[in-house]
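Inspection log for the structure reproduced underneath, given as C-alpha cells.
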C-alpha cells in the first residue's frame, strides 16, 4: 500500500521516494559527479607524461586571431617562432588569413630544439615561401637569423620552460636576446585553460598570467600589453627592453604570484557545481598550485639559486 504524507522540511524523504530508497539519491549524486571526477583523474594521469605537439593549424584558432592583430602592419615583421613544433601557428595564420596576407605581414623563421616534427613544419612553411628549408633554423640556442627578429613568438611554450632556465632564456646574452632586435618584442601566447595535463619538466608546467609576467620582467601593465579572447586565451607583448630586468628575485616574485593566483582559482571552482569543465579547472589549478608550492619550498631561502 502507498502512503502520501507531508515531507515538510525533510526533502530527503522526497528524494528517497523519487530515486528508490536511501541509496538512490547517493547513486544519482555519484553518477552526476562522474564527469568531474573523470576530468580530475585524467588530468592528473596526463601530468605523468610529456607534452604533445599539436599537428596542424585551424582557421578558427583563437590564438591565431590575436596573433594576426599583433603582427599586422605596413611592412613584414621578421618573426622567430621558438618552439614551432609542427608549424601549427603558421598553418593557423594561413588558414585564417591566406598565404598572401601572411607573406605580406610576416617574414617567418622556425626554431625548435626537437627535430621530430621538422618535415611537417617545413611543409607548413612551403605553403607560403619556396625557400622553406632555409627558414627552419633548428634549435633556438643555435639558430642564426639572417637579421635579428622584430618578434620572437612563444606560443604555448613558456609554460614548458623550466624556471631554472628562464634567466638563461630571457636575460642578457640569452636565447631570446640573441634572436631579438633591441627594438622588437616577444609575443607570449598561452592557453590558461590548459585542456590536458603534461610533464614538460620535473615541476610539470608553470602558467604565468599577466601579473606574474609583469613581476618576472619588473614591468607594469603599460609596458607589457595583454590581448585576450576571453579569460582562457591571452597574448602578452613584452618589449625587448624589459627582458634584461629578469633576475632570481623577480623569478621568485613571479612564481609566488602564480601560487597565489592558483589558490584563488581552486577556491573559486570549489564553489561551483561539479561538471567536466569544472573538474578540469580544479585539476589544472590544483596542479599549478602544487607546482609553484613545491618550487618555492625547494628554493626557500635561496633566491639566487637555480
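The values are calculated or read from the model by the stated rules, or taken from the named source; none is laboratory data. Note that the structure is a prediction, hence the values are computed from the model and not measured. With ideal geometry, Cβ positions are generated from the backbone for all residues, glycine too; neighbour counts draw on all protein chains shown.
When residues in the range 104-136 are screened for being more than 21 Å from residue 189 (Cα to Cα) and surrounded by 14 or more Cβ atoms within 10 Å (Cβ to Cβ), 11 of them pass.
For the range 143-171, which positions are touching a strand residue (DSSP E or B) at 6+ places or on another chain (Cβ under 9 Å) and either over 30 Å from residue 299 (Cα atoms) or part of a loop (DSSP other than H, G, I, E, B) (or both)? The answer is 143, 145, 146, 147, 148, 149, 150, 151, 156, 157, 161. Only one entry of 66, 93 meets the criterion of being part of a helix (DSSP H, G or I) and surrounded by 23 or more Cβ atoms within 10 Å (Cβ to Cβ), and that entry is 93.
Residues in the range 272-306 that are out of contact with any helix residue (DSSP H, G or I) (no Cβ under 9 Å at 6 or more places or on another chain) and modelled with pLDDT of 90 or more: how many? Residues meeting the conditions: 2.
Can we say residue 206 is under 24 Å from residue 148 (Cα atoms) and either touching a helix residue (DSSP H, G or I) at 6+ places or on another chain (Cβ under 8 Å) or buried (at least 16 other Cβ atoms within 10 Å of the Cβ) (or both)? First the steps, then the outcome.
Details: under 24 Å from residue 148 (Cα atoms): no; either touching a helix residue (DSSP H, G or I) at 6+ places or on another chain (Cβ under 8 Å) or buried (at least 16 other Cβ atoms within 10 Å of the Cβ) (or both): yes.
For residue 206, the condition - under 24 Å from residue 148 (Cα atoms) and either touching a helix residue (DSSP H, G or I) at 6+ places or on another chain (Cβ under 8 Å) or buried (at least 16 other Cβ atoms within 10 Å of the Cβ) (or both) - is not met.
Whenever a residue of the range 129-150 is under 17 Å from residue 99 (Cβ atoms), its partners that are part of a loop (DSSP other than H, G, I, E, B), lying with C-beta atoms within less than 7 angstrom and at least six residues away or across chains, give the pairs 135/129.
The condition of being modelled with pLDDT of 95 or more and either more than 16 Å from the chain's Cα centre (by Cα) or more than 30 Å from residue 77 (Cβ to Cβ) (or both) holds for only one of 196, 250, that being 250.
Going through the range 227-246 one residue at a time, which ones are modelled with pLDDT of 90 or more, surrounded by fewer than 20 Cβ atoms within 10 Å (Cβ to Cβ) and either closer than 22 Å to residue 61 by Cα or within 14 Å of the chain's Cα centre (by Cα) (or both)? Selection gives 237 alone.
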